[in-house]
Amino acid sequence: MNVFKTLAHRALLWGLKAPHQPHPLIPEGLAQAAQPTRPVWIDGEGGSRLFGWFVPPPQQRAPAPGVVLMHGWGAHAGLMWPAAAWLHEAGLAVLVLDARGHGLSSPVDFQSLPRFAQDVDSGLSWLRQQPEVDATRLALVGHSVGAGAVLLSATRQPDVRAVISLSAFAHPAEVMQRWLAQMRIPMRWPGRWILAHVQEVIGARFDDIAPLRSAAALSCPILFVHGQEDETVPFSDAVRLAEARGAEASTCLAVPGGHDLTEGLGPDHVHRMMGFLRASLGVSSLEASRVSSPNA
């Protein structure tokens, strides 16, 4: 690599570096005070250590379905904590995970959608081994890049029975093109070189890891949830992802508001997601805890 490419490579890694936001070891506003929620450390790819919170299922005799919950770019497990409450009330054991380079997990030189997916894989492997979890009934929930990651992870995890995609983008090349436009970098040069170089660095072609491709390849039920006023990833991406599944297999839930969904999700939306998971995972009324107007 010549001097120019070396400098360009370093500048690109700096420009695409995810912001780091630490969070408390114990989640603030613990919603499941009666449950033995505990911090856990999980062995990740390449000797990394992943931090997460594990919330056992509602008290019961038999193992319950489990779900891995993954945040988006520059976020952390703490920002996904509100979703853990309604996932738990749906009758699931919940693992809320920090991706590498985020929260309390191991630092990395760069992050990417494939690495996020590897971290989801590691979380699933850990979850399968927990005695409280029925390893034949597993689900994945992710936001933004985390949504793309859970879709990609599910393509190589045939035991995943359901996926909820929150604010997923359709194709990473389009995300990169929007970033180039925002940075006022011409697409012809050096934009094309940047797109090619990013694919070389992450070790994957954008077409191969695109949520459009992952969604089309999956046979398990998927619920696409997206903000109608999302200015980061347009709502049309959710429609395209749903269409990639085919009219009968797809489900798309429109939510008021923007990309993070926090303010737009209301009780009706949460009940819809809870019902989707219960139906997909075969959660009985005895397994699910009582639901009283949950808020995400």
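Laid out as a table, the results:
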| quantity | calculated |
| --- | --- |
| Helical mean residue ellipticity (222 nm; -39500 (n - 2.57) per DSSP H run of 4+; nearest 500) of the chain | -10500 deg cm²/dmol |
| Ranking of S284, S122 by count of other Cβ atoms within 10 Å, fewest first | S284, S122 |
| Integer Hz, Karplus 6.51/-1.76/1.60 couplings in order for region 64-81, x for Gly and Pro | 10, x, x, 9, 9, 10, 10, 6, x, 4, x, 9, 6, 4, x, 6, 9, 4 |
| Antiparallel DSSP beta bridges within the chain, percent to nearest 5 | 30 percent |
| Alpha-carbon centroids, region 133-151 and region 50-120: separation in whole Å | 9 Å |
| For A135, net neighbour charge (Lys/Arg +1, Asp/Glu -1) across residues whose Cβ lies under 13 Å away | 0 |
| Order of E229, E132 - criterion: other Cβ atoms within 10 Å of each residue's Cβ, fewest first | E229, E132 |
| Rg ratio (alpha-carbon, reference 2.2 N^0.38 Å) - the chain | 0.98 |
| L79, L97 arranged by Cβ crowding within 10 Å, fewest neighbours leading | L79, L97 |
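No value in this document is a laboratory result; all are computed from the given coordinates. Not measured: the values here are computed from a predicted model. Virtual Cβ from ideal backbone geometry, glycine too; neighbours counted across all protein chains shown.
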